[in-house]
Amino acid sequence: MPAALQTRALAKRYGTIEALRGVELEVGEGELVGLLGPNGAGKSTLVKIAVGLVHPTGGDATVCGAPAGSAAARASLGYLAELFRFPGWYSADEVLLLHQRLAGSNGGEAERTELLRLVGLLDARGRKVDAMSKGMQQRLGIAQALVGSPRILLLDEPTSALDPAGRRTVRRLLEELRARGVAVLLNSHLLSEVELVCDRVVIITGGSVVAAGTPAELSRARGVEIETAAGLREFPDATRDDAPHLVAELVAAGERIYEVRVRRTSLEETYLHAVGEDAT
Amino acid sequence: MFAIVLVLTAVFLGLYALGTDRAFQEVAEFEQDPTFQAVDERTLAGATLLGLAMFGTLFLGAVLAVFLTHAVVRGDAERGLLQPLVVRPLGRTTLLGARFLAAAVVCGLYAAGLFAATAGITYWTGSWWPDRFWLPAAELAAAAVVVCMLSLLGSVFLSATANGIAVFMLVGAGIVGGLLGQIGAALDSETLVDVAEKASWALPFEALYQDALHAISSESFGLTGELLQLGPFGGAQSAGGALWPWVVGYLAAAGALAAFVFGRKDL
Ligand SMILES: Nc1ncnc2c1ncn2[C@@H]1O[C@H](COP(=O)(O)OP(=O)(O)OP(=O)(O)O)[C@@H](O)[C@H]1O
Ligand SMILES: [Mg+2]
């Protein structure tokens, strides 16, 4: 089965600005990948190429095996843009109905109800977009992206306007989607969010991938600390796997152990290091 | 915005009814006077008034056309309205075609309807009916459709406000071109007439409008016909049989260009 999204040497140049310089990225079937990077890193550009809004100047991208931008590729994806708006005179239900028609979904009323429930908008079903708060519009945008059961979802900062409860709703939603086998590429600046839900994290800066791996791999071990009666003992090169054997050695040497800590760099530290902002 | 078009239309029709009523009352007094026998005052007044109304129709049709299409591509893309639609499977060309068809139908019917309403008012107040009805109605409708297409094409390149202004400037340029041609004809200046003719083909809503003006009084001869040729706004020139094929080709070429550029655009 082809990857949900695959890019090879993907490059995009806007005039003199190189937004992407040869990005290799793969989002497997049903995989949830977080895309991190500073402002202007090229995250949105990458997603826009995948959904066919922007044409690459080099390399290529495929969505479920079809070239990005082709009708087949567009038929298998759901997209939430970074900046989007729906016509103000449409109600939430009408927006979803329009997108059901455009996506060729035959889910009918049941699908719309289910999606509005998933994003917590069931009570505002008949409310006009103009009368919705920014966060409500973003929830509606997420529901819109899910219309027609896409195989891959591309979400460009889907929680930027959401309250904490809304963010948790989206996290749960993403977990549910993963359970259903939907692949997700999530652009976000919220490291904690990405760390909590993503299978894999890709960090890009200046249009190039600078780090990639699971959240656990990226929050690397930074040694083991053991509190003994004689004081704090540090083992900076040790990993979690070394802990039992270190403790056994100390006990054998007659030390009394009070606490064992495996220290990790946070994803935040790894991120700041990867994008070269850790000088301070 | 729709309300503005409705209000403008209502105000326009009201003023037109009032104006024609007054004008025909005066014509009725004129008709008693034997010194004006050479001129058919009723035809002159009717054609002049309806010509004026046709100018209004062209203008209001252009307002509606610009309102419906000025932001179809860049304007909507900048507001984020376009992106969720474009990523759906239907495709950019279909989307553009659908937006054009919808606007063209609305504007065409509006322009033809407004022409019919003003012709009806002219008949009702002055018992004068244009020589031809369906041709000018179709031509005014087509003129509005041409403005739709120009505005749609412009929207691929310009953001909403800039495009709206640009299209109105084009409409103004077309009308000024018609006036120049009229002045040229009066002054016997071939260059001026030539320039005006080229302009009216480059902006065929003007050629359609002139042909429509010509059609409402096509059967008036003699001095009345001559006076009408001078027309109130823009020369009433017959464009000949090439007009319709030219308009169809023009629309097709502009549409193809819009679709081509839109298809390659980064949004
Ligand atoms: N339409 C455009 N024309 C010219 N340059 C552009 C355009 N869109 C993006 N860029 C440039 O491309 C680079 C990448 O932009 P992009 O929007 O992909 O960044 P991003 O990672 O999504 O940033 P943010 O976190 O702020 O959303 C930036 O330098 C930006 O200035
Ligand atoms: Mg972005």
Q: Identify, from the list A:140, A:153, A:146, A:162, the residue that is more than 14 Å from chain B (Cβ to nearest Cβ) and either away from ligand 1 (no atom under 16 Å from the Cβ) or of a type in the set (Ser, Thr, Tyr) (or both).
A: A:162
Q. Farther than 21 Å from residue B:209 by Cα, at pLDDT 85 or above, outside any helix (DSSP H, G or I) and under 24 Å from the mean Cα position of the chain (by Cα), is that true of residue B:17?
A. no
Q. Looking only at region A:233-280, which residues are within 30 Å of residue A:207 (Cα to Cα), surrounded by 14 or more Cβ atoms within 10 Å (Cβ to Cβ), without any contact (Cβ under 8 Å) to a residue 60 or more places away in the chain and of a type in the set (A, V, I, L, M)?
A. A:272
Q | Some residue of region A:60-71 being within 16 Å of ligand 2 (Cβ to nearest atom) and at positive phi | A | no
**Q.** Only one of B:56, B:108 that is at pLDDT 95 or above and either assigned to a helix (DSSP H, G or I) or at negative phi (or both)
**A.** B:108
Q: Those residues that are under 22 Å from residue A:201 (Cα atoms) and more than 8 Å from ligand 1 (Cβ to nearest atom), I need them from region A:48-58; list them, please.
A: A:49, A:50, A:51
Q. Going through region A:179-204 one residue at a time, which ones are open to solvent by 50 Å² or more (accessible area, probe 1.4 Å) and within 14 Å of ligand 2 (Cβ to nearest atom)?
A. A:189, A:190
Q. Within region A:95-113, which residues are in a helix (DSSP H, G or I), within 9 Å of another protein chain (Cβ to nearest Cβ) and under 24 Å from residue A:181 (Cβ atoms)?
A. A:99, A:102, A:103
Q. Taking the condition surrounded by 16 or more Cβ atoms within 10 Å (Cβ to Cβ), away from ligand 1 (no atom under 16 Å from the Cβ) and closer than 29 Å to residue A:262 by Cα, does residue A:218 pass?
A. yes
Q: Output the number of residues of region A:15-40 satisfying the condition of being within 14 Å of chain B (Cβ to nearest Cβ), within 15 Å of ligand 2 (Cβ to nearest atom) and without any contact (Cβ under 8 Å) to a residue 24 or more places away in the chain.
A: 1
**Q.** Subset of region A:124-172 (residues that are polar (S, T, N, Q), more than 16 Å from ligand 2 (Cβ to nearest atom), open to solvent by 10 Å² or more (accessible area, probe 1.4 Å) and within 18 Å of the chain's Cα centre (by Cα))
**A.** A:169
Q. Only one of (1) within 13 Å of chain B (Cβ to nearest Cβ); (2) surrounded by fewer than 20 Cβ atoms within 10 Å (Cβ to Cβ); (3) touching a residue at least 40 places away in the same chain (Cβ under 8 Å) is not met by residue A:54, so which one is it?
A. (2)
Q.
Tally up the residues in region B:72-83 that are within 13 Å of chain A (Cβ to nearest Cβ) and open to solvent by 10 Å² or more (accessible area, probe 1.4 Å), please.
A. 6
Q: Test each condition in (1) over 30 Å from residue A:148 (Cα atoms); (2) open to solvent by less than 40 Å² (accessible area, probe 1.4 Å); (3) within 15 Å of ligand 1 (Cβ to nearest atom) for residue A:224 and report the one that comes out false.
A: (3)
(Q) I want to confirm something. Restricting to region A:77-94 and keeping residues that are within 9 Å of chain B (Cβ to nearest Cβ) and out of contact with any Gly (no Cβ under 8 Å at 6 or more places or on another chain), which single residue is nearest to residue A:30 (Cα to Cα)? (A) A:77
Q. Of the residues B:183, B:165, B:175, which single one is farther than 23 Å from residue B:251 by Cα and part of a helix (DSSP H, G or I)?
A. B:183
Q) Can residue B:68 be described as within 14 Å of chain A (Cβ to nearest Cβ) and under 16 Å from the mean Cα position of the chain (by Cα)? A) yes
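The values are calculated or read from the model by the stated rules, or taken from the named source; none is laboratory data. The shown structure was predicted, so the numbers you read here are calculated from the model rather than taken from an experiment. Glycine also receives a Cβ, built like all others from the backbone with ideal geometry; neighbour counts cover every protein chain displayed. Note: areas computed on protein heavy atoms with side chains; ligands, DNA, RNA excluded. Shrake-Rupley method; radii C 1.70, N 1.55, O 1.52, S 1.80 Å.
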